[in-house]
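Shown next, in structure tokens, is the structure this report addresses.
The values are calculated or read from the model by the stated rules, or taken from the named source; none is laboratory data. Keep in mind that what you see is a predicted model, and the values were worked out from it rather than measured. Neighbour counts are summed over all protein chains in view; Cβ atoms, including those assigned to glycine, are modelled from backbone coordinates with ideal geometry. Protein only, heavy atoms only, side chains kept; ligands, DNA and RNA dropped before computing areas. Shrake-Rupley method; radii C 1.70, N 1.55, O 1.52, S 1.80 Å.
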Amino acid sequence: MSDALHELDATDLAARLRRRELSAREVVQAHLDRIEQVNPVVNALVTLDPEGALAAAARADDRLARGAEVPPLHGLPIAFKDTHLTRGMRTTFGSPLFADYVPVEDDLVVDRLQRAGAIRLGKTNVPEFAAGSHTFNPVFGVTRNPYDTGRSAGGSSGGAAAALAAGLQPLADGSDMGGSLRNPASFCNVVGLRPTPGRVPPHPGGDLWDTLAVPGPMGRTVADTALLLSAMAGPDPRCPFSLETPGAAFRVPLDRELRGLRVAWAPDLGGHAPADPDVLAVLEPQLGVLEALGCRVETACPDLGGADEAFRTLRAHSFDLALGVLLDADREALKPSLVWNIEQGRRLTAADLITATTVRSRLHLGTVDFFSRYDLLLAPVSQVTPFDADLEYPKEVAGRPTETYLDWMRSAYLISLLGVPALSVPAGFTPGGLPVGLQFIGAPRADLAVLQAGHAYETATGHGRRRPDLPTT
């Protein structure tokens, strides 16, 4: 059985562990074996602590053997995103400046998941300081797509998504500013949720009031993703906008009748994010699945006028706040696109920031109005399919040349600005075998409803069950 443990869903593994049909040591060892066989091919995990993981698994088994109450993630192995602080384990942010940095504290997400019973395997690869949606850096190199190792796995949670798809771990944590959970989920045929800001409190952080970047969960199924969210979510007084709903609210069955659901389909987000034809060729037939489930589907989109510039302004400002000191200290140690983004932030005026926040406020009110008429918004996750891993970013989208490393991510980052939950669910493959994700977007704080809709669609289609055929070493 151990040879196939890496293929089991996290919810299934968790149930078997609690029933003592499996031991945590068996589960961890099965994933360590898989990592040894496959990780050299995809380069998803970049720091590994097998001895520490097996020791933690032994302690978990002992607790269960004593009859102690065990938490919801008991015995499930996980490698944390290499931008999330892990006490006693190096956290590099994909930067040579932090290649040997070992934190003395855990991020809140890391602490919560370990308290929930997850067993730390190591770290997953990221772009340098999580900038960009293609995972490569000068410390560890490129993470490759398990479905085509010549292609990008997306980013910035690209190592996490590739590790899930390749069976290196059953769950993965991530974070999302402009699509960093959703794009790699789409590229790697897994599930990624950008929660409502405050659902998973970010801590520690620089600007405590920044709601643009949020931590969130990834899994191979929507149910697995909800399970991880249940351990991540819940209030924390150090986050001024954290939501009071406890995480346990997401540890519930996701089955829901979708008949009568009012669904809007926005293939190009109102003209603001045109997608390549091969993306739309996969996604447009999926509307029939929703209609067969009883949804009323029509083409519609909230007003996104001004959203592109507002997002870029707020993003650049946050990059200057967080990383400007590193630019001053060692400019040559940062990749050129990161330098450009920080300098964009430094050129902003007070008027630029006022305009961005005014636009964002207007968009919020428009979004609330939109979701009074629709229950769900569907859109492409990514405007392109997984691109050549040797490129920094795709050179054109829908026939239009790209000028910056952000240009191809509009279908994800325009949604980020709205402050709503957005879920990437596997939606099928191109004729060449590349995965494509469908984005399920809900009203503010409607995270559970989004998960339920994604679960119903996933159950009806089974696209996420198609696993990559990877060589082993």
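Results, tabulated for the structure shown:
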quantity	calculated
Subset of the range 259-278 that is in contact with a Cys (Cβ under 7 Å, 6 or more places away or on another chain) and assigned to a loop (DSSP other than H, G, I, E, B) - its residue that is farthest from Cys301 (Cα to Cα)	Leu261
Residue match in the range 443-460 (condition: open to solvent by less than 20 Å² (accessible area, probe 1.4 Å), touching a helix residue (DSSP H, G or I) at 6+ places or on another chain (Cβ under 9 Å), touching a residue at least 60 places away in the same chain (Cβ under 8 Å) and not in a helix (DSSP H, G or I))	no
Close pairs (7 angstrom Cβ cut-off, 6 or more residues apart or separate chains): of a type in the set (D, E, K, R) in the range 383-405, in a loop (DSSP other than H, G, I, E, B) and surrounded by 21 or more Cβ atoms within 10 Å (Cβ to Cβ) anywhere	Glu392/His134; Glu392/Tyr405
Candidate set: the range 39-75, residues that are in a loop (DSSP other than H, G, I, E, B) and closer than 28 Å to Arg151 by Cβ; chosen: the one farthest from the chain's Cα centre (by Cα)	Asn43
Residues of the range 12-32 satisfying the condition of being touching a residue at least 12 places away in the same chain (Cβ under 8 Å), surrounded by fewer than 17 Cβ atoms within 10 Å (Cβ to Cβ) and at negative phi	Arg18
Index of the failed condition, Gly206 passing every other in (1) open to solvent by 10 Å² or more (accessible area, probe 1.4 Å); (2) outside any loop (DSSP other than H, G, I, E, B)	(2)
Search result, residues across the range 353-382 that are more than 30 Å from Leu438 (Cα to Cα) and open to solvent by less than 60 Å² (accessible area, probe 1.4 Å)	Leu353
Test: residue in the range 299-307 that is more than 16 Å from Phe440 (Cβ to Cβ), of a type in the set (A, V, I, L, M), open to solvent by 20 Å² or more (accessible area, probe 1.4 Å) and assigned to a helix (DSSP H, G or I)	no
Residue in the range 394-411 that is of a type in the set (A, V, I, L, M, F, W, C), open to solvent by 20 Å² or more (accessible area, probe 1.4 Å) and closer than 19 Å to Phe187 by Cβ present	yes
Residue in the range 430-437 that is more than 30 Å from Val339 (Cα to Cα), open to solvent by 30 Å² or more (accessible area, probe 1.4 Å) and at pLDDT 95 or above present	yes
Flag if Leu287 is of a type in the set (A, V, I, L, M, F, W, C), over 23 Å from the mean Cα position of the chain (by Cα) and within 25 Å of Arg410 (Cα to Cα)	yes
Strands (runs of 3 or more DSSP E) completely within the range 77-153 that count 2 or more residues being open to solvent by less than 10 Å² (accessible area, probe 1.4 Å)	77-81, 119-124
Lone qualifier among Arg194, Arg199, Arg251 - being in contact (Cβ under 8 Å) with a residue 40 or more places away in the chain, open to solvent by 20 Å² or more (accessible area, probe 1.4 Å) and within 30 Å of Val70 (Cβ to Cβ)	Arg251
